[in-house]
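Chemist: Supplied in structure tokens, the structure appears directly below.
Read-outs throughout are calculated quantities, based only on the coordinates presented, and are distinct from any laboratory measurement. Note that this is a predicted model, so its numbers are computed, not measured. Reconstructed Cβ throughout: ideal geometry from the backbone, glycine too, with neighbour counts over all protein chains shown.
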2 protein chains.
Amino acid sequence: MKKSIGGNTILHPHPVVLVATYDKDGKPNMMTAAWAGICCSKPPCVGVSLREATKTYHSIMHSKAFTVNIPSRDFVKQADYAGLVSGSKADKFKVTGLTPVKSEVVNAPYVKELPVALECMLKQSVQIGLHTQFIGEILNVLCDEEVLGPNGLPDIEKLKPLIYATGNMAYYSVGGFVQKAFTIKEYGK
Amino acid sequence: MKKSIGGNTILHPHPVVLVATYDKDGKPNMMTAAWAGICCSKPPCVGVSLREATKTYHSIMHSKAFTVNIPSRDFVKQADYAGLVSGSKADKFKVTGLTPVKSEVVNAPYVKELPVALECMLKQSVQIGLHTQFIGEILNVLCDEEVLGPNGLPDIEKLKPLIYATGNMAYYSVGGFVQKAFTIKEYGK
């Protein structure tokens, strides 16, 4: 018997990403978001949902670009801070000591110290409710070589990304390998 | 120095969910998706991106409803299968032995054996590219009592959801607690 808990934003696991932008004056800013996910394979797109109250919302509306940076678990302190404090009140790059680097492909900075950055051009914005979803076409992905696997893509065991757990209001790490995907071609065989 | 790996759908970690629907004849079906994420807090909404080639795409277009079911790691075999085989070729509930139960709030079934189900009414569909994103308003969440924490919300340590890692093409489990969220009110203090 299942228990009803009402409408709620439960979708374990949530990712933890830092969205970096330039404001209209060219000043870099970053904020942490968990309402994010891949939403198309061709072209590759990521959706990030932000409230209009954030500085980043207005920066994306102006610049039409952003980067999505994936912190490893070593950066949990910076990630938590960047989700709590507004860029209109603090220079979050300066406070955390992280470094904004201008992307070569979009009008946005990426975060030098974080292992992976998705360089995104705004493709669509979708007004949903409290949040507006920004759909960015991923023009390029930048990766630290140390997190790449033998196939040239990020290896989750090396990347060690954070997970956000809504119900626990806490960050978790990625655990052990369960099994390869797309292996069971016929069930039970 | 970062390495460019081109545009790619990298956003570790991805969730693993089973989207369940009724087709136009009322037959239940489910499919696994990883291109999914929460996209609004008020109203609570989840976005799930599907290709037009899937049976589920047409079922949602018809019924305007779906459930998003979260498998624990014990259901990795069923989840992998339901992402590989089309509902137009097999009765995936019958083959896996999972049970469709009619939702009391939307015109879609949920998967009885999976610990959490989000009951969603289609709010918007967003044509992006190869994938169309279905934004569902989460009218209710059904949970097995065993996965609830003391605050009445799912506890990720009890739920044990799967993670999909694009680069590894593999499923992972959730690992250890890193730290509470929203605790660092002022950086470094």
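Chemist: For label points placed 7 Å from Cα toward Cβ, what is the shortest-first list of nm distances from A:P43 to its copies?
Modeler: A:P43 label point versus its equivalents elsewhere: 3.2 nm.
Chemist: Right, here's the next one. Kindly give the distances from A:T183 to its copy-mates, label point to label point, with each label point 7 Å from Cα along Cα→Cβ, as nm values to one decimal ordered shortest first.
Modeler: Nearest to farthest, the other copies are at 3.6 nm.
Chemist: With θ set to phi - 60°, apply the Karplus curve 6.51 cos²θ - 1.76 cosθ + 1.60 along region B:167-182 and write out the HN-Hα couplings as whole Hz, x wherever there is a Gly or Pro.
Modeler: Per-residue couplings from phi come out as x, 8, 6, 8, 9, 10, 9, 7, x, x, 4, 9, 6, 5, 8, 6 Hz.
Chemist: Hey, fewest Cβ within 10 Å first, where do A:H12, B:H131 land in order?
Modeler: Numbers: A:H12 28, B:H131 25.
Going from least to most buried by this count: B:H131, A:H12.
Chemist: Using θ = phi - 60° and the Karplus form 6.51 cos²θ - 1.76 cosθ + 1.60, what ³J(HN,Hα) does each residue of region A:67-76 get, whole Hz, x for Gly and Pro?
Modeler: Going residue by residue, I get 10, 10, 9, 9, x, 7, 5, 5, 9, 4 Hz, with x marking Gly and Pro.
Chemist: Relative to 2.2 N^0.38 Å, what does the C-alpha radius of gyration of chain B come to as a ratio? Two decimals please. Kindly include the intermediate steps, with their values, before the conclusion.
Modeler: Values: Rg = 17.3 Å, N = 189, 2.2 N^0.38 = 16.1 Å.
Dividing the Cα Rg of chain B by 2.2 N^0.38 Å gives 1.07.
Chemist: Who wins for biggest fluctuation among A:V16, A:V95, A:V147 in a Gaussian network model of chain A, springs between alpha carbons below 10 Å?
Modeler: A:V95
Chemist: Rounded to the nearest 20 Debye, what is the dipole magnitude of chain B about its Cα centre when Lys and Arg each give +1 and Asp and Glu each give -1 at the C-beta?
Modeler: Values: 21 positive and 16 negative charges, 112 e Å.
Here the size comes out at about 540 debye.
Chemist: Based on alpha-carbon centroids, what's the gap between region A:12-60 and region B:47-82 in Å, whole number please?
Modeler: 25
Chemist: Identify which of A:A170, A:A34, A:A79 has the largest mean-square fluctuation in a Gaussian network model of chain A, with springs joining Cα atoms closer than 10 Å.
Modeler: Answer for the Gaussian network model of chain A: A:A170.
Chemist: Using the C-alpha atoms of region B:140-189, what convex hull volume per residue, in cubic angstrom, is computed? Intermediate values should be presented prior to the final figure.
Modeler: On the way: hull volume 8.3 nm³, N = 50.
So the per-residue Cα hull volume is 167 Å³.
Chemist: What translational D, rounded to a whole number of µm²/s, comes out for the protein assembly as shown from Stokes-Einstein when the hydrodynamic radius is the Kirkwood one over Cα pairs, at 4 °C and 1.567 mPa s? Write out the running numbers ahead of the final one.
Modeler: Values: Rh = 20.5 Å.
Result for D is 63 µm²/s.
Chemist: Across all directions of projection, what mean area in square nanometres is found for the Cα convex hull of region B:47-154?
Modeler: Details: hull surface 29.0 nm².
Projected over every direction and averaged, the Cα hull of region B:47-154 covers 7.3 nm².
Chemist: Can I get the semi-axes of region B:24-80's equivalent ellipsoid? Compute them from the C-alpha gyration tensor as square roots of 5 times the eigenvalues, in angstrom, largest first.
Modeler: Working: eigenvalues 69, 66, 23 Å².
Computed over region B:24-80, the values are 19, 18, 11 Å.
Chemist: Here is the link list: A:K180/B:K123; A:K158/B:K27; A:K3/B:K42; A:K3/A:K158; B:K42/B:K89. Which ones come out longer than 31 Å on Cα distance?
Modeler: Values: A:K180/B:K123 34 Å; A:K158/B:K27 43 Å; A:K3/B:K42 22 Å; A:K3/A:K158 38 Å; B:K42/B:K89 38 Å.
Check vs 31 Å cut-off fails for A:K180/B:K123; A:K158/B:K27; A:K3/A:K158; B:K42/B:K89.
Chemist: When each copy gets a label point 7 Å from Cα toward the beta-carbon at B:D74, what are the spacings between them in nm, shortest first?
Modeler: Once sorted, the set of distances for B:D74 reads 3.8 nm.
Chemist: Starting from the eigenvalues of the Cα gyration tensor, five times each then square-rooted, give me the equivalent ellipsoid semi-axes of region B:1-112, largest first, whole Å. Don't jump to the answer; show the numbers that get you there.
Modeler: Numbers: eigenvalues 131, 58, 40 Å².
Working from the Cα gyration tensor, I get semi-axes of 26, 17, 14 Å.
Chemist: Report the longest stretch of chain B that contains none of the GluC sites (Glu not before Pro) sitting in a DSSP loop with at most 13 other Cβ atoms within 10 Å. All intermediate terms of the calculation are to be shown ahead of the outcome.
Modeler: Numbers: sites that count: B:E52, B:E104, B:E186.
Answer from the scan: B:105-185.
Chemist: Would you please calculate the Kirkwood hydrodynamic radius of region A:103-160 over all C-alpha pairs and express it in Å, rounded to one decimal? Can you show the working numbers first?
Modeler: On the way: mean 1/r = 0.0764 Å⁻¹.
This gives a value of 13.1 Å.
Chemist: So for B:V76, B:V17, fewest C-beta neighbours within 10 Å to most, what's the order? Don't skip to the end; give the middle numbers.
Modeler: Working: B:V76 18, B:V17 31.
The fewest-first ordering by Cβ neighbours comes to B:V76, B:V17.
Chemist: Can you return the aspartates and glutamates within cross-link range of A:K112? Criterion is Cα-Cα under 18 Å, with same-chain partners fewer than 8 residues away left out.
Modeler: The reachable aspartates and glutamates, counting only those whose Cα sits under 18 Å from A:K112, are A:D74, A:D80, A:D91, A:E104, A:D144, A:E145, A:E146.
Chemist: While we're on this one: Let me know the mean shielding of B:82-92 by other chains, meaning the per-residue number of their Cβ atoms within 10 Å of its Cβ. Intermediate values should be presented prior to the final figure.
Modeler: Values: counts 2, 3, 7, 4, 0, 0, 0, 0, 2, 0, 1.
Whole-number average of other-chain Cβ neighbours for B:82-92 is 2.
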